[in-house]
Amino acid sequence: MRKIFSFAGRILRVDLTSGKMWTECTDQYALSFLGGRGVNQWILFKEVKPWMTAFDPGNRLIFGSGALVGTLAPCATRLTVDAKSPVTGGVGSGNSCGFFSAELKFAGYDHIVFQGRARSPVYLWIDDGKAELRDASFLWGKSTWETEEILKNKLGDEQIQIASIGPAGENLARTACIITNQARAVGRCGLGAVMGSKNLKAVAVRGKLPVEVARPKAFMAAVDHALEVIRKSERANDLKQWGTYGRATKLNEACLYPVRNFQDDFWDPSKLQKLLPEAYKTNWEVRRQGYLACPFYCSHLYEVETGNCGKLLCEGFEFNSIWNFMSRLDIDDPSAVIRLHAFCNKYGLDIDSSSCVIAWAIECYERGILTEEDTDGLKLEWGNEDVVLELLRKIAHRQGIGDILAEGCQKASSLVGRGAERYAVHLKGQDSMEAMRAAKGWALGCCVSTRGGTHTRGANLVELSHEVIDPELAKRLWGISKVEGPSSYEGKAQLVTYYEKLQAIVDSLGVCLFSSVWWSPDLLTPEDYARLYSAATGYQLDGQDLLLIGERIHNIEKAFNTLHASFTREDDYPPLRFTEEVISSGPLQGERLMKEKWDRVLDEYYELHGWDKATSWQTAKCLQKLGLQEVAEVLRKMGMLIE
Amino acid sequence: MAALQIEHPRCVGCRTCELACSFHHTGLFKPSISSLRIFWDSMTKEIRVLQHDNLTDAEKMKRFPCDLCKTEALPLCVKYCPTQAISVVGEE
């Protein structure tokens, strides 16, 4: 093994069909793709062929730690898992907080690449560099919480870290995710179902090996600098106090709340009033929860009554759970979000995708497209937590109506027909979580996202605080003279392309997006990350170098989507609901996305990337600039490269 | 005698102190040799903080005893704890 600072140095390969395992060196990938998501995506691109389906044994399921994980670099505690997605047919990628990622490095591996399919359920046990596939029949059918408890008891160590699937993944629900630390979800894109299709119930890791940085003094100076930047940030303190839910009221006033399957983007303030962050702190918070090297410790541990199941202790929830379970489904009992979030985690269900498909079903029921004959006798109503809990259980086990809902709203609506497609709000086939009519840059980032509906690619938050952004900063970071407000399309393509690169950088370094200029312009920039990376690895890079690598990673994903899912420009348009129906209440009543303006902003976006405007496909020139001639060659052979 | 004091209610279980401690002793990030051991019970979610003196003899052999980071201005666990849950009490 060749030594490579800040990395474990090895990638574990596991063929679940044959049971064979082998290793390869990380350094062949790390310079070009950083680590984490970057390396995962390159392996995925190279090894998964377009004719393989997501549930084909040939699909790869790749766990990746990041280049800075396992060190004191602030927030370097993230895990990325990638595979071909059973939801979009293109890129599948999910990212999670938790202890698993660092433990994987301490156990001697930067990545694990699974291929094939085990004959019967197995789990992978990695103990200080030694890996072993073990029978998991006794775990099949168990929730992620039970799986974690049983494995920790069996293996006899509280500090073992476990990533597992619940019944949802086992039953190939396309809304399934992978759970670590009982509550940290590798969400979206159906990655839990890919794990289930491989008969892989869990990965358990324990490690006592070191992570060594190249220049310790310079590294600690970079850590201290980064912590000082975070300490001075006002918005970081907001995050520290309230977690991601701190902007509850402001985001409703900005009309970014999905209400009743996007029939509106503004939620009744009298309902929101019951759900303000202070209420959770006072009534249900037991303590705060943090993860390695995280100065924010933005997670919260809650205790809540569950009726017939007694008290439930659960690490909870991010802002998206409020959007998903409260405004989207119009539930205003504040404690409901804690329960629904917890049950999703137990079942291994992605909260975004699951709530979206449930909202679609309720609207179809409301409109008479679905009836009680279709819903196993359930009355699908807005604001009914019990119905939602029952639907979650059915989805996870693919029972009755759950078997259809487990497909996600696009596929479910095709199965139902009868006009149900109109109410399926999705992007590239993935249920869309975000309200998009009010903020145009946010909408653009979601619509062009390589992994389907998501705000964690190019979507930005800075347009919401545009009035306080210094033009100098706008010029320096995004190359625009000023940041326009959310209703403007001006300069938004630049913001989106910048944040696509930044997101690829942070996911590949293994740091949290919330430590970066995504959450607030006074937080960490690519320059700050480059200083940490250079001291940690000994490879001297600056912020521009990192942005170039970020662009490279984003382009690998784009090429994967073109090859595997044949996505074109048409797939970068918003759902019709956002162009044909207006926001029906609140401060921005009447607002919608405009098709002709969207045409123009898309042109601008493709031009910035150097992609073809007519098809959205990549050009030979753009890929050459990024050193991706190998990608260009594959696209050329398939007739999908613009010369 | 000077010693570390952990204010349990402030601790959020992030184990950043383990990273910092191991770096002081070895120049490496290796929580398994840290003088402090933090873990949380996955069922009760209770955080437990064990200092070197409270470890089993077998554990003590694998870990460095705390020297209060005498080569540093401040013990690194104190410096990097995000919640100020660790402090030094008593005098040398």
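The numbers here are math on the coordinates, done by the rules we state, and not lab data. The model shown is predicted, which means the values in this text are computed figures rather than measured ones. FYI the Cβ positions are ideal-geometry reconstructions off the backbone, even for glycines, and counts take in every protein chain you see.
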**Request:** Pop a pseudo-label 7 angstrom from the Cα along the beta-carbon direction at both B:V89 and A:N237 and give the gap in nm to one decimal.
**Result:** 2.9
**Reachable lysines from A:K501, criterion Cα separation under 22 angstrom, eight or more residues apart if same chain** = A:K46, A:K84, A:K428, A:K440, A:K475, A:K482, A:K492, A:K558, A:K613, A:K621, A:K625
**Request:** Enumerate the aspartates and glutamates that A:K154 could reach by cross-link, defined here as Cα to Cα under 19 Å, with residues fewer than 8 away along the same chain left out.
**Result:** A:E103, A:D127, A:D128, A:E132, A:D135, A:E146, B:D41
**Fill in**
Cβ density ranking, 10 Å radius, fewest first, applied to A:I322, B:I6 yields B:I6, A:I322
**Message:** Please check: in the Gaussian network model of chain B (C-alpha springs, under 10 Å), which one of B:K45, B:K60, B:K30 has the largest mean-square fluctuation.
**Reply:** B:K45
**Message:** Using C-alpha positions alone, give me the convex hull volume of chain B per residue in cubic angstrom.
**Reply:** 99
**Item:** Reach of B:K60 by Cα under 21 Å, taken over lysines that are not fewer than 8 positions away in the same chain
**Value:** A:K208, B:K30, B:K70
**Fewest-first sequence of A:V91, B:V12 by Cβ atoms within 10 Å of each Cβ** = B:V12, A:V91
**Request:** Give, in nm to one decimal, the length gained when the segment between A:R134 and A:D522 is fully stretched (0.36 nm per residue of separation minus the Cα-Cα distance).
**Result:** 134.9 nm
**Asked** With contacts defined as alpha carbon pairs under 8 Å and 6 or more residues apart, what's the relative contact order of the stretch A:10-206 in percent?
**Response** 23
**Asked** Hey, fewest Cβ within 10 Å first, where do A:S516, A:S488 land in order?
**Response** A:S488, A:S516
**Message:** What three numbers, in Å, describe the spread of the alpha carbons of the stretch A:247-431 along their principal axes, ordered from the longest?
**Reply:** 49, 36, 31
**Inter-part distance where the stretch A:612-643 and the stretch A:98-117 are each reduced to a Cα centre, Å** = 32
**Asked** With each label point set 7 Å from Cα along the Cα-Cβ vector, what nm distance links B:K62 and A:T17?
**Response** 3.8
**Request:** Have a look at A:P486, A:L444, A:L276 and report the one farthest towards the positive end of the charge dipole of chain A, computed about the Cα centre with Cβ charges (Lys/Arg +1, Asp/Glu -1).
**Result:** A:L444
**Request:** Would you mind computing, in nm to one decimal, how far apart the modelled labels at A:S32 and A:R636 are, each placed 7 Å from Cα along Cα→Cβ?
**Result:** 1.6
**Item:** Too-long pairs where the Cα-Cα distance tops 22 Å, listed order kept, from A:K130/B:K62; A:K3/A:K105; A:K346/B:K45; A:K152/A:K240; A:K232/B:K79
**Value:** A:K152/A:K240
**Prompt:** Counting only Cα, what are the radius of gyration and maximum Cα-Cα distance Dmax of the protein assembly as shown, in Å?
**Reply:** 24.2, 79
**Prompt:** If R0 is 60 Å, what FRET efficiency do you get for A:S585 and A:D56 from their C-beta distance, rounded to 0.05?
**Reply:** 0.80
**Fill in**
Honestly the stretch A:300-402 on the Cα gyration tensor test (a ≥ b ≥ c root eigenvalues; a/c under 1.5 rounded, otherwise a/b vs b/c for prolate or oblate) is just prolate
**Request:** Please tell me the relative contact order of the stretch A:537-627 in percent, rounded to the nearest whole number, where contacts are Cα pairs under 8 Å and at least six residues apart.
**Result:** 28
**Asked** Can you list the residues of the stretch A:386-403 with backbone N under 18 Å from a point 7 Å past the Cα of A:E373, pointing along Cα to Cβ?
**Response** A:400-402
**Asked** Between the stretch A:279-312 and the stretch B:1-66, how many Å separate their Cα centres?
**Response** 23
**Prompt:** Where does the charge balance sit around A:Y257 when Lys and Arg score +1, Asp and Glu -1, over other residues with C-beta under 9 Å from its C-beta?
**Reply:** -1
**Message:** With +1 assigned to the C-beta of every Lys and Arg and -1 to the C-beta of every Asp and Glu, and no other charges, what is the dipole magnitude of chain A about the Cα centre in debye, to the nearest 20?
**Reply:** 1660
**Asked** Going from the alpha-carbon gyration tensor of the stretch A:374-511, what semi-axes, largest first and in whole Å, does one get by taking the root of 5 times each eigenvalue?
**Response** 38, 16, 13
